[in-house]
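The values are calculated or read from the model by the stated rules, or taken from the named source; none is laboratory data. No experiment lies behind these values; they were computed from the predicted model shown. Positions of Cβ are generated from backbone atoms using ideal geometry, with glycine treated the same way; all protein chains shown enter the neighbour counts.
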4 protein chains.
Amino acid sequence: MPATRNRLEAYPPNDMNPKKSELLVEEIEHIDIKQHNVVALVDAMSKMAFSARDLGRAAQIYDAMLRDDECAIILCLAGSLISAGLKQVVVDLVRNNMVDAIVSTGAIIVDQDFFEALGFKHYKGDVFMNDDVLRRLAIDRIYDTYIDEDQLRICDSTCGEIADSLEPRPHSSREFIREMGRYLSEHAKNRESVVLSAFDKNVPIFVPAFSDCSAGFGLIHHQYRNPNRHLSIDSAKDFLELTKIKIDSKQSGLVMIGGGVPKNFAQDTVVAGDYLGFDVGMHKYAVQITVADVRDGALSGSTLKEANSWGKVDLGAEQMVYAEATIALPLIGSYAYHKGNWKNRAARTYTKLLDDTVAMPVTNRQAEMATAAAASS
Amino acid sequence: MPATRNRLEAYPPNDMNPKKSELLVEEIEHIDIKQHNVVALVDAMSKMAFSARDLGRAAQIYDAMLRDDECAIILCLAGSLISAGLKQVVVDLVRNNMVDAIVSTGAIIVDQDFFEALGFKHYKGDVFMNDDVLRRLAIDRIYDTYIDEDQLRICDSTCGEIADSLEPRPHSSREFIREMGRYLSEHAKNRESVVLSAFDKNVPIFVPAFSDCSAGFGLIHHQYRNPNRHLSIDSAKDFLELTKIKIDSKQSGLVMIGGGVPKNFAQDTVVAGDYLGFDVGMHKYAVQITVADVRDGALSGSTLKEANSWGKVDLGAEQMVYAEATIALPLIGSYAYHKGNWKNRAARTYTKLLDDTVAMPVTNRQAEMATAAAASS
Amino acid sequence: MPATRNRLEAYPPNDMNPKKSELLVEEIEHIDIKQHNVVALVDAMSKMAFSARDLGRAAQIYDAMLRDDECAIILCLAGSLISAGLKQVVVDLVRNNMVDAIVSTGAIIVDQDFFEALGFKHYKGDVFMNDDVLRRLAIDRIYDTYIDEDQLRICDSTCGEIADSLEPRPHSSREFIREMGRYLSEHAKNRESVVLSAFDKNVPIFVPAFSDCSAGFGLIHHQYRNPNRHLSIDSAKDFLELTKIKIDSKQSGLVMIGGGVPKNFAQDTVVAGDYLGFDVGMHKYAVQITVADVRDGALSGSTLKEANSWGKVDLGAEQMVYAEATIALPLIGSYAYHKGNWKNRAARTYTKLLDDTVAMPVTNRQAEMATAAAASS
Amino acid sequence: MPATRNRLEAYPPNDMNPKKSELLVEEIEHIDIKQHNVVALVDAMSKMAFSARDLGRAAQIYDAMLRDDECAIILCLAGSLISAGLKQVVVDLVRNNMVDAIVSTGAIIVDQDFFEALGFKHYKGDVFMNDDVLRRLAIDRIYDTYIDEDQLRICDSTCGEIADSLEPRPHSSREFIREMGRYLSEHAKNRESVVLSAFDKNVPIFVPAFSDCSAGFGLIHHQYRNPNRHLSIDSAKDFLELTKIKIDSKQSGLVMIGGGVPKNFAQDTVVAGDYLGFDVGMHKYAVQITVADVRDGALSGSTLKEANSWGKVDLGAEQMVYAEATIALPLIGSYAYHKGNWKNRAARTYTKLLDDTVAMPVTNRQAEMATAAAASS
């Protein structure tokens, strides 16, 4: 029979006082794309219509990015992806050189990934559960998923401790998250972590709204207790660093799960590079998985063709997929993994580029480009 | 590289006068669930959160229906499913005793399935194509799919010819579609057809709004040319026939793709059976795939828990899946197929029940039930 | 303070056994567009962007229909509109010659409008209510609205009684609904009714899937009790009748609330007229209010530009509005009402045309057109 | 006739080379809630069902916030609201003490509001326009709205100039936006500006992802040209400042347009205050307008009941409204404005609180609370 028990069976009307331990029972398990070869399935989908075709085409475009030696790949993450069972997919993309930089919301990176690396879990929950009951039990709900609020507080304070240990100067979120990775390399209780594997592979992670998550609590605690001498999180530095990556790459591709700030932030690097005087091209490839509607005019659901009007995304190899990420990302990720074209791809180790560089231009390619741009203007 | 050419490449600004033959090029191909075993993938999805878990649970509930000897399975179809590449999935469900009756929109059964059985095709199209250009070329567009309007007219008139050949009395849509199946058994140019395989397997197909499709054109042509002596399509008879099936079954389950009339029509048989004096139970199992939003209050997106308040669907084994059908149905169908529990399932051949029966109650079970109901009232 | 009580206040955890009378308390009230002049507001919205502009433009297009002497207006209704408080809007459109024919789902016309005319009510409900509790109390839920199931059964049986009283031949749904109007003209307990006002104004109402509602229960009861001599509901006749209206009108416009069968059915009359040999034009005007997404390829959310590829809807005066009907229809209806252009508009009384006509062509215009069509072919 | 010309009329197939001046013609006009009294309309909507009732209740809850002397009101803005014609609504809320702090995306505040204050405009555009044509003309598209990219570059560089003029230390976005307001107080060409009116009224504006907008380009240009001595944008400081406001207020209410970072950021202040040791209560009131679906588990569409499980939002006076903002905000804003309860409300001038304060606790209330919290722990 189906795995999840029905609410009415589980919590009959006369049991309005469940214990916390009765609700935090079934752990969310992360899907492993390495175990499921869907290449033939997804290719078949690409010959259908509607979202199946779009999904098939998006998977093929991602594979084309992996086959293109010149293409740097930026993965954009929004929505509650890690808590929903997609952690292993992202870890595998990082470990297998299938992504060169990550732009994410804070919740994904801190509240969910770093949280699990500290040894904590997400649990299957009930979307119809009485939230007042949950609040009194200190259980936080994300749609159909439960989290132990007490454990989340430990995650908050660990971020605060890391902040206390760092130099009191402006850091990019990328620098701070790197220190979280360093912390995990010593203390992780669960090493299947995006933060840790990105640390190991020198894949930079950017969170443009870094205070807007569990880390934020740690950070304001740090600043509040150290009013005259504390670190700060410089979001402008984040943008400059990601722009450096765009400038350094000959071609670039975006793999976007959800919309929000990460989508816009990564797209904007084209304009930013241009604005700094470099002759950067549009993102050559772009795919996005989203259920956001296009008709409210907000960026999350805006088409990639619209992004072309802004000069951010090239036409020809862009594809929106109208699907919820927990279904679509395992299919697209598995397709790209089992096609195997990542095997010929070198790690770009952009963290090193960013750590070594103080000012731009620094690489030969950058110097060339800046010169060329100056000459033509 | 990705299969579908980009619009700008294909139809550059200076080519605003494409030929019809240039647009009707790539045929939609139907996905074959028999070729793709996703049992492990879908079981893994059931351990995640959000739509993946819902999809996994829905697939497991469908499998539970197939394992339940007492359960009759009604498949409800809405949306442009056949034109989108899902024909073979439905054909395989019919041929392998995985469904006992079908309730559908007319477009799916007539404009799309019967149409293809006549030898015609659906083609990959462009959602951004200029519709005025298409109209002048007599190409009809369904989102990203093209149809040759001239071929559709042949489909219309074939329905008219079938109408001309039948007895001038009220028919249920189910009876008429059976005659379409009989026509195909002789004349089909493509035998991979839902209408034809349902004819062969004695699986009844109901289209409660039967005039609202290609058949409607044939039917009004028939009535218009034969004002005093013509057949009619009796939608009440459809409802009575489907209710007979519900009465005859000990248990029932609904597999609903999209919402609309088919969803409501099939659910209502519980109330209808009760209204006629039979002690029928609620649908024991129910799954629905839909992207319709719940918040506009329309039936298409209404939850199956809401259907429980109406006494139509039992709680415990119901599941909504928020996903577009071209992605979700291949996964759910493939799961149920490769689990193999249909192998122990007998064909119910409800067409025979309906053809043989003039009035109710006729079966022993029906007589028993009517007696029991009378006794207890 | 806000009008609706909070669930937790109203039904504390220890009250899992509310009485029916405690839940059916606050009646849904129907909004009266005559009391709210929003002309300036909606004109201001038309100068903004996104849905406000679309809504403004749709209202202006509806007003243009009312100013066009040659234009017949067909109102298409889907979703739970009457139960949601939109009954008075539709009644006012009918009474003030702002609509010439209606195509609807059955639930709107029978379960909701006819139901209220019999003296019954809809009640404010709670979307988070336990549906199992409701079912045991015989309360049906439509999202946030409650209905007394016992009253609905009276509605069912009243339809059965009407069926028993009619001639045992095929009827269009339009003919049957006219008899429901006749019944109400004598027995209505609440005369603010779409069915009754349409009866009074000779505005035909079509329900292409007529068995799929409360009337269906009455109809199968009628057929089941009278196996050898009963009426039937001929959906082909419906389509032929609506096509006659399209043929008779010089121009036509569609005002569509929701999608589903009514949208398709009304659009198809263009093709149907053409198919019967009449030189009918496309619908010149078309507006649709819907929250259905376009990306699943289903008709409900398909754009009116897509309908142009089918030759059904002219470009130039079509507008989709992405909004839920309870918000959008009061604004659009009020705009058109207070612009006042309906005052110069004659009632078309299409019911008379349909009742008087047995075969086509009958009017001079029809004869002309048929001759012209024959000459040019 | 409808105001917006049809694309096919305006840009016939043979004109694929429009001039920029032909496309930037009709300016978006901002709706003025002061001109439209919808109190009776919205009260009537609150007696219906579905979204109309939700909208009515949300308007009533906002009015309840304005009547509650103890309640500080935080307005959260996401989506392209200012470009869509909602600027005047927000300006009027600020000027009339109807909002005490704003949390927003960067695009709204910088690319759209500050941009218009510099004298630039947004234009009606065509959602079906060829984006490649637009890109070549340097026209940016937001769904159905056009922007002159050249003017946007001036907006970018103006932000850079402001950055160059400020002290090279970490600033909160709130501090930087205050300087933008100061700049406008001297240089604004259009004084109907949210940034300017908030400057005048001492209403703080927070943009938690401040680099993710036009200002970001100016900021990285500033940092790139001044590698050793530049300002930075400290997002932790933003969070600390907004938390101070929450701590200072006895009660608080959220008015959220769209979701994204602003929604989460403002909700989190409850947890943040608690984390710093203050006994802050949940947000007592909360309304949100959104079209985001709840089923993908992302925060934007998550219910306010879910936020209760996190201890962020109280139950009893929270309401989601499923509607697009350009339709819903004019109705809700107009309702609250014309009810007039803001007339008794004092300006809270939180900017002064934040500018005067270096460390917490500073107010008597804060000192009391911190003492109480310490005593009880």
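Evaluate region C:55-66: report whether one residue or more is closer than 26 Å to residue C:269 by Cα and more than 14 Å from chain D (Cβ to nearest Cβ). Steps first, please.
Here is the first cut: in region C:55-66, the residues closer than 26 Å to residue C:269 by Cα are C:55, C:57-66.
Among the residues that remain, those that are also more than 14 Å from chain D (Cβ to nearest Cβ) are: none.
No, because not a single residue in region C:55-66 is closer than 26 Å to residue C:269 by Cα and more than 14 Å from chain D (Cβ to nearest Cβ).
The rows are residues; the columns are (1) farther than 17 Å from residue C:159 by Cβ; (2) surrounded by fewer than 23 Cβ atoms within 10 Å (Cβ to Cβ); (3) polar (S, T, N, Q).
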| position | (1), (2), (3) |
| --- | --- |
| C:189 | no, yes, no |
| C:200 | yes, yes, no |
| C:204 | yes, no, no |
| C:220 | no, no, no |
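The single condition from (1) of a type outside the set (Ser, Thr, Tyr); (2) within 10 Å of another protein chain (Cβ to nearest Cβ); (3) in a loop (DSSP other than H, G, I, E, B) that residue B:84 fails is (3).
In this structure, residue B:231 does satisfy being at the interface with chain C (Cβ under 10 Å from one of its Cβ atoms), buried (at least 24 other Cβ atoms within 10 Å of the Cβ), at pLDDT 95 or above and closer than 23 Å to residue C:174 by Cβ. Considering the conditions (1) in contact with a helix residue (DSSP H, G or I) (Cβ under 9 Å, 6 or more places away or on another chain); (2) on the phi < 0 side of the Ramachandran plot, residue A:258 is excluded by exactly one of them, (2).
Let's see how each residue does on (1) in contact (Cβ under 8 Å) with a residue 24 or more places away in the chain; (2) more than 28 Å from residue D:169 (Cβ to Cβ):
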site	(1), (2)
A:149	no, yes
A:156	yes, no
A:177	yes, no
A:180	yes, no
A:202	yes, yes
A:211	yes, no
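Exactly one residue among D:131, D:126, D:113 is surrounded by 20 or more Cβ atoms within 10 Å (Cβ to Cβ), in contact (Cβ under 8 Å) with a residue 12 or more places away in the chain and either touching a Pro at 6+ places or on another chain (Cβ under 6 Å) or of a type in the set (Asp, Glu) (or both), and that residue is D:113.
Among the helices (runs of 4 or more DSSP H) contained in region B:272-377, which hold 2 or more residues that are modelled with pLDDT of 95 or more and away from every other protein chain (no Cβ under 11 Å)? Lay out the reasoning, then the answer.
Numbers: elements: B:304-309, B:325-339, B:350-356, B:364-376.
Result: B:325-339, B:350-356.
Quick check, is residue C:69 crowded, with 23+ Cβ neighbours inside 10 Å and among the charged types (D, E, K, R)? Write out each step before concluding.
Details: crowded, with 23+ Cβ neighbours inside 10 Å: no; among the charged types (D, E, K, R): yes.
Judged against the criteria, residue C:69 is not a match.
Residues in region C:32-69 that are farther than 20 Å from residue C:285 by Cβ and not in a helix (DSSP H, G or I): C:32, C:36, C:37, C:38, C:47, C:48, C:49. Count of region C:124-138 residues, restricted to those that are at pLDDT below 95 and closer than 23 Å to residue C:326 by Cα, is 4.
Quick grid of which residues meet (1) closer than 30 Å to residue B:135 by Cβ; (2) of a type outside the set (A, V, I, L, M); (3) in contact with a helix residue (DSSP H, G or I) (Cβ under 9 Å, 6 or more places away or on another chain); (4) surrounded by fewer than 24 Cβ atoms within 10 Å (Cβ to Cβ):
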site	(1), (2), (3), (4)
B:25	yes, no, no, yes
B:40	no, no, yes, yes
B:43	no, yes, yes, yes
B:51	no, yes, yes, no
B:56	no, yes, yes, no
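Taking region C:72-81 as the range and being buried (at least 24 other Cβ atoms within 10 Å of the Cβ) and in a strand (DSSP E or B) as the test, the residues that pass are C:73, C:74, C:75, C:76, C:77.
If I go through region C:172-213 residue by residue, how many of them are within 14 Å of another protein chain (Cβ to nearest Cβ) and assigned to a loop (DSSP other than H, G, I, E, B)? Talk me through it step by step, then tell me what you get.
Step one: list which residues in region C:172-213 are within 14 Å of another protein chain (Cβ to nearest Cβ), which gives C:172-177, C:206-213.
Applying the additional criterion that residues be assigned to a loop (DSSP other than H, G, I, E, B) yields C:172, C:207-213.
Summing the residues that are within 14 Å of another protein chain (Cβ to nearest Cβ) and assigned to a loop (DSSP other than H, G, I, E, B) in region C:172-213 gives 8.
For the residues C:232, C:185, C:197, the requirement of being touching a Leu at 6+ places or on another chain (Cβ under 8 Å) and hydroxyl-bearing (Ser, Thr, Tyr) singles out C:185.
Residues in region B:128-135 include none that are of a type outside the set (Gly, Ala, Ser) and in contact with a His (Cβ under 8 Å, 6 or more places away or on another chain).
Per-residue answers, yes or no, for (1) farther than 20 Å from residue D:31 by Cα; (2) buried (at least 18 other Cβ atoms within 10 Å of the Cβ); (3) at pLDDT 95 or above; (4) touching a Ser or Thr at 6+ places or on another chain (Cβ under 8 Å):
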residue: D:140; (1), (2), (3), (4): yes, yes, yes, yes
residue: D:160; (1), (2), (3), (4): yes, yes, yes, no
residue: D:167; (1), (2), (3), (4): yes, no, yes, no
residue: D:178; (1), (2), (3), (4): yes, yes, yes, yes
residue: D:183; (1), (2), (3), (4): yes, yes, yes, yes
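Criterion first (more than 21 Å from residue D:68 (Cβ to Cβ) and either more than 9 Å from chain A (Cβ to nearest Cβ) or touching a residue at least 12 places away in the same chain (Cβ under 8 Å) (or both)) does residue D:254 satisfy it? No, not satisfied. Scanning region B:92-146 for residues that are within 14 Å of chain C (Cβ to nearest Cβ), within 23 Å of residue A:54 (Cα to Cα) and part of a loop (DSSP other than H, G, I, E, B) yields B:122, B:125, B:126, B:127, B:128, B:129, B:130, B:143, B:144.
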